[in-house]
Each structure stands twice: as C-alpha cells, then as structure tokens.
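The values are calculated or read from the model by the stated rules, or taken from the named source; none is laboratory data. Here the structure is a predicted model, which is why all the values come from computation and not from measurement. FYI the Cβ positions are ideal-geometry reconstructions off the backbone, even for glycines, and counts take in every protein chain you see. Surface areas here come from the heavy atoms of the whole protein model, side chains and all, with no ligands, DNA or RNA. Shrake-Rupley method; radii C 1.70, N 1.55, O 1.52, S 1.80 Å.
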Amino acid sequence: MPDLQANLEDFKSADTQVLGISVDSKFSHDNWASSLGGISFPLLADFHPKGAVATSFGVYHDDKGITDRATIIIDKDGTVQYAESAGIPGLRKAEDLLNECRKVNG
C-alpha cells in the first residue's frame, strides 16, 4: 500500500478512488498506517461479521481467518471490471493497477 500512497495523484487523475480493506480492526489499521508515516486514502474494516465483504468476493480463507491479497476494481455503476488475487502475502505493482483503472475509466 505504500506504493499506492506514492502514486495516489496518478490514481485520482485516472478517476479512481483507492480504498484499502482488510479483516483487521480499525485500531489495527490505524497502527499500520502510522507505521508507514500515514496514508491519505480510506481503510475499511471487514471486521464484523469478520470477512463478510471478502467472502462476497471469494477471497476470504475461513480456515485461517485471513484474506488473499486481492485487487478488485469496481466501476461507477457497481460492476466488477477487474479482479485479481495475488495470494498470501502477494505483492502488486501500483503501475499495473493504475493501467487497469485507466482501462476501466477510459
């Protein structure tokens, strides 16, 4: 996610809202963001019921209580236009995600 923060203006110019979501609590998110020196995009907690959002996208591992590192791009009409799982603890490149956003938003 630090890579996303560094490229946030590029995502905004591609008419994209960056969000982070995990099954961790708001308090865990706050600590994580602080450890990075802060971030300026929203972090959402899929905490209770744990993994409900991740389950709806098929990326929650109930047996482990964690999610895949996944990227899901949803257009303004609420339609999933791109979904990719990078596995655990998969890494993604901001430039690749930015290119996908540009495809979706033309």
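Which value at 222 nm does the chain reach when only helices count, each DSSP H run of 4 or more adding -39,500 (n - 2.57), with the total divided by all residues and rounded to the nearest 500 deg cm²/dmol? So the helix-based figure for the chain works out to -9500 deg cm²/dmol. For the chain, a Gaussian network of Cα nodes joined below 10 Å ranks I66, I39, I88 by mean-square fluctuation, and the top entry is I88. Counting 0.36 nm for each residue step from A52 to S13 and taking away their Cα separation leaves a gain of 11.0 nm.
When +1 charges are put on Lys and Arg Cβ atoms and -1 charges on Asp and Glu Cβ atoms, the dipole computed for segment 1-100 relative to its Cα centre reaches about 280 debye. Mind running the shape call on segment 54-106? Use the C-alpha gyration tensor, a ≥ b ≥ c as the square roots of the eigenvalues: rounded below 1.5 for a/c, prolate if a/b tops b/c, oblate otherwise. In terms of gyration-tensor shape, oblate. With the cut-off at 1.5 for a/c, could you classify segment 8-106 from its C-alpha gyration tensor as rounded, prolate or oblate? It comes out oblate by the Cα gyration axes.
Residues in segment 17-62 average 64 Å² of solvent-accessible surface per residue, probe 1.4 Å, ligands and nucleic acids excluded. Sequence-distant contacts, meaning Cα pairs under 8 Å at least 6 residues apart, place the relative contact order of segment 1-50 at 45 percent. Looking at this model, which pairs from K50/K103; K26/K50; K64/K103; K12/K76; K50/K93; K26/K76 are more than 22 angstrom apart at the alpha-carbon? Checking Cα-Cα distances, K50/K103; K64/K103; K50/K93; K26/K76 exceed 22 Å. Near V53: Cβ cut-off under 14 Å, other residues only, Lys/Arg at +1 and Asp/Glu at -1. The net charge is -3. Across the accessible surface of the chain, with the other protein chains kept in place and a 1.4 Å probe, carbon and sulfur atoms take up 51 percent. Largest GNM mean-square fluctuation across V80, V23, V59, computed for the chain with C-alpha springs under 10 Å, falls on V80.
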